[in-house]
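Undergrad: Supplied in structure tokens, the structure appears directly below.
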Amino acid sequence: MNFFKRGLLSITRKKGKSLILLAIIFILGNLIAGGISIQQATSNVEQTIKERLGTSATLQPDHEAMNQMSEEEWMDFEYPTVSLDLIQQVGQLNYVKYYDYSISTYLGSDNLDSYQGDMDMDMYESHSMDFRLKGTNYAPVMDFEEGNAQLLEGRVFNDEEITNGTPVAIISKNLAEHNQVAIGDTIALTNIILDYESGDEEVYDSRDTALEVIGLFDPISSVEEGEESNQDRGMWDFMDMEAQNTVYVPNGVVAEEFEFQIEKMIELYPEDAMYYEDGIDGYYTPQYVLHSVDDVEAFSEEVQPLLPDMYLVRSAVDQYDNIAGPIQSMSKQSNYVLIASIIASVLIIGLVVLLFLRDRKRELGIYLSLGESRGRVVSQILIEVMLIALIGIALSLFSGNLLASSVSDTLIANDEQNQGFDDGFYYYDEFETNVSSNDVLDSYEVQLSTTYIVWFLVVGLLTVLLSTVIPLLYIVRLNPKKILM
């Protein structure tokens, strides 16, 4: 009789021991299955949420590090900036799908009323600089491409207008309707330089810039009507008002206004001229859109050495840590459970198999004395254990998945209660997102996926195999003559 048949007969004839081993593997398998299931679910959440956050990245000063500087360090500190050449160099990296660099300033207007929405801003009408002139070097406009705003009418810029700094503009539809402005009309904004030296607000100088309207856009709100709390209503109104009064133009248009402001500020305050020696290059804000969220880490690692001190790479996916607290906490706990379960399984199953082999010492000695090779005897024991393990693991595959789902709900509920989980929306520097903490929880789902099944079978069977290796050394050391004497 070959060793395979002997293994099958041994399982059926020794039902008690087989059932004990099956029960132990089933129980331990549930713990391993639960840990793997939660790990897979949290990994899927991370991938899903990071894709929703987007692949945008930017370069900016490390404000956290600056806040930790001492007074002595601040005395010799020069505020870091990145040059336009470096911005363009980073934009040529293979990770970058497309990029833009923008410069902004605020202007007023004598014949254009800013859009105030539901807010009463009459007290600020005197010399108010309500219009954000936002430049772009990317003709299709980054905000439109990334879904932060939508072009409703007209067109975006062309490359020639971007290159030449042509005075053309895209304004919000609400601002246009509020002022009866149509595509093809010209609007005038005023660059006002104020002098405060006398104690009163006086106009030192000003100049007008005329812009032809070529398109109308609508900002896409980060929150649906009715979703925000009353205490956040004012913030959302203010942010919406800012977006509605944004005027998109080529960078060259903003640069001219910025240079006018610098020139006049130096006239007013000649002692501060040193702060403007680098011109406007240090005022550009870059934004890079990468091909994939998987490129973010590699992009950061390659760009960071090129940046000056106290400068770093920020990406939209950095925000994941801020909104996924319960999920990350659960991932850590499940990781500890998984490791502990594997270690416990190796020890417990190994001990049980060793005890069973000691009871079968005479049987194994007879096989060896009859000329059966130790390799075939070892193979028989492996077959017995792995067949029982396969059944136990298959059963725990489903029950462990259900256990993981139940445990996950409990862990999330406890974490929400302990940490006061915030379901609000988040902003991270230049990156606006409509992803909330509730979206993270809604994305979490324990599934009986193919990936989960494959991983569990591989981990489970390898764990059982490892736990059987040490007891098998017992067979190798058996001396059939001593056993049968």
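Undergrad: Cβ neighbours within 10 Å, averaged per peptide: list 387-398, 451-462 in order, most packed at the top. List each step's numbers first, then the result.
TA: On the way: 387-398: 18.9, 451-462: 16.7.
The peptides rank, most packed first, as 387-398, 451-462.
Undergrad: Another question, if that's okay. For region 130-190, what does the accessible surface come to per residue with a 1.4 Å probe? Please give it in Å². All intermediate terms of the calculation are to be shown ahead of the outcome.
TA: Numbers: 2720 Å² over 61 residues.
Dividing the accessible area of region 130-190 by its residue count gives 45 Å².
Undergrad: Under the 0.36 nm per residue contour assumption, what length would be gained going from the current alpha-carbon distance of ALA139 and LYS97 to full extension?
TA: Working: separation 42, 0.36 × 42 = 15.12 nm, distance 1.46 nm.
Computed gain between ALA139 and LYS97 is 13.7 nm.
Undergrad: A further question on this structure: Would you mind getting me the FRET efficiency between LEU387 and GLU177? Use the beta-carbon distance for r and R0 = 51 Å, nearest 0.05.
TA: Details: r = 76 Å, r/R0 = 1.48.
The calculated FRET efficiency here is 0.10.
Undergrad: Take SER70 and GLU267, extend 7 Å from each Cα along the Cα→Cβ direction, and tell me the distance between the two endpoints in nm.
TA: Modelled inter-label distance: 4.5 nm.
Undergrad: What does the extension gain come out to for GLU202 and TYR79, with contour length at 0.36 nm per residue minus their alpha carbon separation? Provide the component values of the computation, followed by the final result.
TA: Working: separation 123, 0.36 × 123 = 44.28 nm, distance 3.01 nm.
Answer, rounded to one decimal: 41.3 nm.
Undergrad: About the Cα centre of region 4-52, what is the dipole size in debye to 20, counting +1 per Lys and Arg Cβ and -1 per Asp and Glu Cβ, all else neutral? Show your work: numbers first, answer last.
TA: On the way: 8 positive and 2 negative charges, 127 e Å.
Dipole of region 4-52, to the nearest 20 debye: 600 debye.
Undergrad: Roll a 1.4 angstrom probe over the protein heavy atoms and tell me the percent of accessible area of region 65-120 that is carbon or sulfur. Intermediate results must be reported in sequence, preceding the final value.
TA: Details: 1470 of 3600 Å².
On region 65-120, the fraction of accessible area on carbon and sulfur atoms equals 41 percent.
Undergrad: Can I ask one more? Show me the GluC sites (Glu not before Pro) within region 1-92 that DSSP assigns to loop and that have at most 12 other Cβ atoms within 10 Å of their Cβ.
TA: Working: sites: GLU46, GLU51, GLU64, GLU71, GLU72, GLU73, GLU78; in loops: GLU78.
Hits after loop and neighbour filter: GLU78.
Undergrad: A follow-up question, please. Roughly how many nanometres apart are two label points built 7 Å out from the Cα toward the Cβ at ARG360 and VAL469?
TA: 2.1 nm
Undergrad: Out of residues 5 or more away from LEU312 or on other chains, whose amide H comes under 5 Å of its own, with H placed 1.01 Å from N in the peptide plane?
TA: Residues meeting the amide H criterion: GLN60, ASP62.
Undergrad: Rank these by accessible area, largest first, 1.4 Å probe: TYR284, TYR204.
TA: On the way: TYR284 25, TYR204 90 Å².
Largest accessible area first, the residues go TYR204, TYR284.
The values are calculated or read from the model by the stated rules, or taken from the named source; none is laboratory data. Every value quoted in this text rests on a predicted model; they were computed, and no experiment measured them. Ideal geometry is used to build each Cβ from the backbone, glycine not excepted, and the neighbour counts take in all protein chains shown. Only protein heavy atoms, including side chains, enter the accessible area calculation; ligands, DNA and RNA are left aside. Shrake-Rupley method; radii C 1.70, N 1.55, O 1.52, S 1.80 Å.
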